[in-house]
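Worksheet: the structure to be examined is printed underneath.
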Amino acid sequence: MSEAPAPSAYLELQAVEAWLGPRRVFEDLSLRLHRGEHTVVLGPNGSGKSSLVKLLSRELYPVVKPGSSLRIFGSETVNLWELRGRIGLVSQDLQAAYGGRVPAADVVLSGFFGSVGIGRSQVATTSQHRRVAALMAQLGLAELAERPYGQLSDGQRRRLLLARALVHGPEVLVLDEPTNGLDLKAKHQLLALLRELVQAGTTLLLVTHQIEAILPEIRRCVLLREGKVVGDGPAAQLLQDAPLSALFATPLRVCEANGYRQVLPAG
Ligand SMILES: Nc1ncnc2c1ncn2[C@@H]1O[C@H](COP(=O)(O)OP(=O)(O)OP(=O)(O)O)[C@@H](O)[C@H]1O
């Protein structure tokens, strides 16, 4: 029998095996992530970071076998619609899923329905429209409300998806490579926004290979390599030269300023 779930855990993996097509991404993955604990999952390309997010968002299902379990918010049978209400997700897949003609405000509004786009049967209330307008204003997107999604820059789309992820007040914000492809100003604006959110109490799960995108507020670091957790502990201990050089299989030197870190080639 597997252990009783911890009450504050939003994701509990016990000896999980999962496949993407012909490829086994995880063979024996165990990990527990908690509400109130901002966490970064860091790993090189192909280490399984996005697949981990997909286990949480129910886009990827583990192999059913004895001794293996996956619990989300304490349940093995979480309802997909309830789940979408409890997490807010920003991913590259989601960014690519929206059609170019969709008005920006509808992208945010669709977060209430946990869907991509708004179906005919999905009628938003006045208070939902108001919430969209208020959030877009808060994230500096008010002027883009009517703009077609296809005419927005990457940075604008990322902020828009952040608004979509937040519109329904999720318990956990899950960000898969949120700063990829953004220029410095867009990246710094996004990081500043994220800092405000975590300081206001939203639990953050950040999945990235970009060390400079790790907010100072993130205290727990999980290092993922070839589908295995090779480090899990305080960010201050793991975001150092030796663990990161081993993780990325190249000699690295970590520099710190203002609570952020940057990595340079060592030697
Ligand atoms: N649809 C797929 N079919 C088969 N294998 C896949 C598929 N998608 C990803 N993979 C493989 O699964 C492994 C894990 O991929 P995943 O996208 O989870 O890694 P990642 O750490 O998020 O990588 P990146 O940083 O490049 O986005 C990789 O080796 C990848 O090549």
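Summary table
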{"item": "Residues of the stretch 189-227 satisfying the condition of being among the charged types (D, E, K, R), more than 16 Å from the ligand (Cβ to nearest atom) and assigned to a loop (DSSP other than H, G, I, E, B)", "result": "E217, R219"}
{"item": "Selected residue (only one of P103, P178 is surrounded by fewer than 21 Cβ atoms within 10 Å (Cβ to Cβ) and either touching a residue at least 40 places away in the same chain (Cβ under 8 Å) or under 27 Å from S51 (Cβ atoms) (or both))", "result": "P103"}
{"item": "Conditions (1) part of a loop (DSSP other than H, G, I, E, B); (2) within 21 Å of L190 (Cα to Cα); number of the one not met by Q156", "result": "(1)"}
{"item": "I218 touching a residue at least 12 places away in the same chain (Cβ under 8 Å), touching a Lys or Arg at 6+ places or on another chain (Cβ under 6 Å) and crowded, with 18+ Cβ neighbours inside 10 Å", "result": "no"}
{"item": "Residue tally, condition more than 15 Å from L56 (Cβ to Cβ) and within 16 Å of the ligand (Cβ to nearest atom), over the stretch 21-46", "result": "11"}
{"item": "Test: residue in the stretch 141-152 that is small (G, A, S) and within 28 Å of G36 (Cα to Cα)", "result": "no"}
{"item": "Enumeration of residues in the stretch 107-147 that are free of Cβ contacts under 8 Å to residues at least 24 places away in the same chain and either of a type in the set (A, V, I, L, M, F, W, C) or touching a strand residue (DSSP E or B) at 6+ places or on another chain (Cβ under 7 Å) (or both)", "result": "F113, V116, I118, V123, A124, A134, A137, A142"}
{"item": "From V172, V116, residue being surrounded by 20 or more Cβ atoms within 10 Å (Cβ to Cβ), closer than 23 Å to S57 by Cα and of a type outside the set (D, E, K, R)", "result": "V172"}
{"item": "Residues located in the stretch 47-66, provided they are more than 14 Å from the ligand (Cβ to nearest atom) and touching a helix residue (DSSP H, G or I) at 6+ places or on another chain (Cβ under 7 Å)", "result": "R58"}
{"item": "Test: G85 is in contact (Cβ under 8 Å) with a residue 40 or more places away in the chain and more than 16 Å from the ligand (Cβ to nearest atom)", "result": "yes"}
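Bear in mind these aren't lab numbers, they're just calculated from the coordinates by the rules spelled out. Predicted model, so just to flag it, every value in this text is computed and none were measured. Quick reminder, even Gly has a Cβ in these numbers, built from the backbone with ideal geometry, and neighbours come from all protein chains shown.
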